[in-house]
């Protein structure tokens with residue numbers, strides 16, 4: 001993995017686990033959803049396995065006794081509602097974003113199935129919306145990450161070349177999307193995925209969290 005730095009003109013960032021800590025929203029969604037299908041809510045480890053599986057398209061049948069449709073309907077609705085109250089900025093991320101915005105254009109790419117306006121409003125509430133030149137949500141693409149579609153969308157919007165961009169996120173999906181598009185990739189250990197899981201995807205760099213990234217952007 002690259003341990004020096006990147007010369008880039010565009011920085012693409014994930015949202016959950018990268019800019020905001022969504023743990024409490026995930027746990028709230030799991031608690032309410034399991035109660036809805038008549039099951040006791042699982043422990044924290046299992047509850048946080050759910051968003052990891054959903055992101056990767058893995059089944060949940062062993063966790064929810066086959067009540068997938070009902071569970072997902074409640075889970076996603078509850079998560080999106082809870083994310084508006086229970087997410088919080090990862091410490092010092094605003095300082096990192098300010099530093100990064102002085103080095104390159106920043107775009108946000110999230111797999112949340114929410115409107116761009118909803119996400120921008122959340123960024124405004126955190127006082128960080130001014131750092132983002134472009135925002136792409138799952139509603140803006142036919143194929144979400146790991147498809148490169150969202151990254152290609154950003155490249156066109158920012159008038160950049162993909163080889164001059166870096167994708168940074170906490171998920172294996174972020175790394176796969178970045179590689180599929182042809183961007184440089186950075187895995188962050190601030191979210192749901194462990195170091196070993198990110199290493200398997202061979203990103204150019206792995207960092208503890210976004211606050212370390214400015215030191216690697218030239």
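The values are calculated or read from the model by the stated rules, or taken from the named source; none is laboratory data. Please read all numbers here as calculations on a predicted model, not as lab measurements. Positions of Cβ are generated from backbone atoms using ideal geometry, with glycine treated the same way; all protein chains shown enter the neighbour counts.
Quick notes
- Residue 91 meets the conditions (1) under 24 Å from residue 29 (Cα atoms); (2) in contact with a strand residue (DSSP E or B) (Cβ under 8 Å, 6 or more places away or on another chain); (3) at pLDDT 95 or above in every case but one. The failed one is (2).
- Test result for residue 215, surrounded by fewer than 23 Cβ atoms within 10 Å (Cβ to Cβ), in contact (Cβ under 8 Å) with a residue 60 or more places away in the chain and not in a helix (DSSP H, G or I): no
- Any hit, the range 67-83, residues being within 21 Å of residue 175 (Cα to Cα) and part of a helix (DSSP H, G or I): no
- The range 1-42, residues that are in a loop (DSSP other than H, G, I, E, B), without any contact (Cβ under 8 Å) to a residue 40 or more places away in the chain and buried (at least 21 other Cβ atoms within 10 Å of the Cβ): none
- Flag for residue 128 being in contact (Cβ under 8 Å) with a residue 60 or more places away in the chain, touching a helix residue (DSSP H, G or I) at 6+ places or on another chain (Cβ under 6 Å) and within 11 Å of residue 12 (Cα to Cα): no
- Residue that is modelled with the highest pLDDT [pool: residues in the range 131-163 that are under 21 Å from residue 20 (Cα atoms) and either out of contact with any helix residue (DSSP H, G or I) (no Cβ under 8 Å at 6 or more places or on another chain) or not assigned by TED's automatic domain parsing to the domain that holds residue 102 (or both)]: 154
- Hits in the range 131-183 (condition: over 15 Å from the mean Cα position of the chain (by Cα), farther than 21 Å from residue 118 by Cβ and surrounded by fewer than 22 Cβ atoms within 10 Å (Cβ to Cβ)): 152, 156, 158, 159, 160, 161, 162, 163, 164, 179, 180, 182
- Qualifying residue in the range 80-87 (condition: within 22 Å of the chain's Cα centre (by Cα), within 23 Å of residue 199 (Cα to Cα) and not assigned by TED's automatic domain parsing to the domain that holds residue 204): no
- Residues satisfying the stated conditions in the range 43-66, i.e. part of a helix (DSSP H, G or I) and free of Cβ contacts under 8 Å to residues at least 24 places away in the same chain: 44, 45, 46, 47, 49, 53, 54, 61, 62, 63
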